[in-house]
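Student: Just passing along the structure, written as structure tokens.
The values are calculated or read from the model by the stated rules, or taken from the named source; none is laboratory data. A quick note: this is a predicted structure, and the numbers were derived from the prediction, not measured. Here the Cβ positions follow ideal geometry from the backbone for every residue, glycine too, while neighbour counts run over all protein chains shown.
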Amino acid sequence: MANDKLAIIGGSGLYDVEEFKDRELLDINTPWGKPSDQILKTIYNGKEVYFLPRHGRGHFISPSNINFRGNIDALKQLGVTDIVSVSAVGSLKEDLPPGKFVLVDQFIDRTFARNKTFFDEDIVAHVSMAHPTSKGLMDACEESIKKENISYQRGGTYVVMEGPQFSTLAESNLYRSWKADVIGMTNMPEAKLAREAEIRYASVSMVTDYDCWHPDHENVDVQQVIKVLLDNAAKAKNMIKNLIDNFEKHIDSNDPTNNCLDVAIITAPEKRSKKTIEKLNTVAGRVLNK
């Protein structure tokens with residue numbers, strides 16, 4: 001579709017894509033407050049693309065304090081239809097060493113201190129999260145990763161912990177017993193909010209460490225994590241450039257995200273206040289303003 005627009009949300013270590021020479025930094029306001037930082041708008045190979053650093057440029061926002069609702073609403077205001085998250089994670093499996101990429105397709109949300117929905121006042125909605133990532137967008141990510149000969153795994157479960165502390169050994173072993181693949185602090189409630197906003201979502205997780213379960217890597221060290229992140233930064237940026245070129249051909253017109261609010265809002269029309277409808281205009285105006 002001609003109106004498909006891609007946004008990249010960059011996590012730890014990915015605060016900019018310097019190769020984007022056509023640059024405009026946008027200040028966006030939302031009913032939920034401002035997003036993490038200015039959003040970079042660029043035209044790359046004739047395509048309009050947006051980039052948002054999740055922790056802010058310079059990494060000054062802790063995972064629990066990220067304004068996830070502001071981030072998603074701001075991107076929706078800009079007409080974004082597809083979000084690819086690029087984030088750092090710890091590995092919970094021996095065969096996922098530092099440097100490997102994982103195309104996540106499932107999440108276990110263990111966060112507890114975050115606002116997880118746009119529909120928390122007057123209007124109630126229940127979107128399906130059975131399949132939280134977009135298959136078409138994952139196909140585009142896989143093609144982009146393959147082109148760079150990056151070692152990767154297609155499919156995997158991401159445990160999202162609250163943080164900002166790393167896991168205890170007991171926690172790490174518990175998540176391993178669940179057969180989870182990676183652990184991080186940021187893809188929830190991001191993926192849930194993207195679904196509520198009817199934005200297709202995919203997660204590319206870059207392994208930086210073995211969490212603390214591995215006998216040879218008992219302590220997760222920030223400096224060690226940063227070294228791996230920097231080693232992978234060039235690969236991630238090349239993947240993003242490939243993604244810009246190929247994502248549109250993978251768009252699925254039948255993706256369940258596209259119209260998920262049609263069957264999600266349960267509140268009777270007469271109970272929906274004008275104030276809340278206006279607040280939700282960007283996210284859910286397609287449905288609420290019918």
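Student: Only one of Lys237, Lys227 is of a type outside the set (A, V, I, L, M, F, W, C), under 25 Å from His59 (Cβ atoms), without any contact (Cβ under 8 Å) to a residue 24 or more places away in the chain and not in a loop (DSSP other than H, G, I, E, B); which?
Tutor: Selected residue: Lys227, the only one of Lys237, Lys227 that is of a type outside the set (A, V, I, L, M, F, W, C), under 25 Å from His59 (Cβ atoms), without any contact (Cβ under 8 Å) to a residue 24 or more places away in the chain and not in a loop (DSSP other than H, G, I, E, B).
Student: Can you go through Lys41, Lys21, Lys47 and tell me which one is farther than 17 Å from Asn187 by Cα, surrounded by fewer than 20 Cβ atoms within 10 Å (Cβ to Cβ) and touching an Asp or Glu at 6+ places or on another chain (Cβ under 6 Å)?
Tutor: Residue meeting the stated conditions: Lys41.
Student: Let me ask something else. Could you list, in sequence order, all residues of the range 20-41 that are assigned to a strand (DSSP E or B) and more than 19 Å from the chain's Cα centre (by Cα)?
Tutor: Hits for the range 20-41 are Arg23, Glu24, Leu25, Leu26.
Student: Looking at Lys235, Lys192, Lys179, Lys227, which one is touching an Asp or Glu at 6+ places or on another chain (Cβ under 6 Å), closer than 23 Å to Ser91 by Cα and charged (D, E, K, R)?
Tutor: Lys235
Student: Which condition breaks for Lys249 when tested against (1) closer than 28 Å to Met161 by Cβ; (2) of a type outside the set (Asp, Glu); (3) surrounded by fewer than 19 Cβ atoms within 10 Å (Cβ to Cβ)?
Tutor: Going through (1) closer than 28 Å to Met161 by Cβ; (2) of a type outside the set (Asp, Glu); (3) surrounded by fewer than 19 Cβ atoms within 10 Å (Cβ to Cβ) one by one, Lys249 breaks only (1).
Student: I need the full set of residues from the range 256-290 which are touching a residue at least 12 places away in the same chain (Cβ under 8 Å) and assigned to a loop (DSSP other than H, G, I, E, B), in order please.
Tutor: Pro256, Thr257, Asn258, Asn259, Ala264, Ile266, Thr267, Arg272, Ser273, Leu280, Asn289
Student: Being within 22 Å of Ala180 (Cα to Cα), outside any loop (DSSP other than H, G, I, E, B) and at pLDDT below 95 narrows it down to one of Val89, Val84, so name that one.
Tutor: Going through Val89, Val84 in turn, just one is within 22 Å of Ala180 (Cα to Cα), outside any loop (DSSP other than H, G, I, E, B) and at pLDDT below 95: Val89.
Student: Are any of the residues in the range 63-75 touching a Leu at 6+ places or on another chain (Cβ under 7 Å), in a strand (DSSP E or B) and not charged (D, E, K, R)?
Tutor: Checked the range 63-75: no residue is touching a Leu at 6+ places or on another chain (Cβ under 7 Å), in a strand (DSSP E or B) and not charged (D, E, K, R).
Student: Continuing with the same structure: Which is aliphatic (A, V, I, L, M), surrounded by 14 or more Cβ atoms within 10 Å (Cβ to Cβ), in a loop (DSSP other than H, G, I, E, B) and within 16 Å of the chain's Cα centre (by Cα), of Met188, Met206?
Tutor: That would be Met188, the only listed residue that is aliphatic (A, V, I, L, M), surrounded by 14 or more Cβ atoms within 10 Å (Cβ to Cβ), in a loop (DSSP other than H, G, I, E, B) and within 16 Å of the chain's Cα centre (by Cα).
Student: Let me ask another. Somewhere in the range 93-107, is a residue over 27 Å from Ile28 (Cβ atoms), aromatic (Phe, Trp, Tyr) and touching a Leu at 6+ places or on another chain (Cβ under 8 Å)?
Tutor: Within the range 93-107, none of the residues are over 27 Å from Ile28 (Cβ atoms), aromatic (Phe, Trp, Tyr) and touching a Leu at 6+ places or on another chain (Cβ under 8 Å).
Student: Yes or no: the range 147-166 includes at least one residue that is part of a helix (DSSP H, G or I) and either within 16 Å of Ala88 (Cβ to Cβ) or out of contact with any Lys or Arg (no Cβ under 8 Å at 6 or more places or on another chain) (or both).
Tutor: yes
Student: So, Phe118, is that one assigned to a loop (DSSP other than H, G, I, E, B), within 30 Å of Ser172 (Cα to Cα) and aromatic (Phe, Trp, Tyr) or not?
Tutor: When the stated conditions are applied, Phe118 does not pass them.
Student: Checking the conditions here, which among Phe101, Phe112 is of a type in the set (Phe, Trp, Tyr) and either surrounded by 15 or more Cβ atoms within 10 Å (Cβ to Cβ) or within 13 Å of Val182 (Cα to Cα) (or both)?
Tutor: Result of the check over Phe101, Phe112: Phe101.
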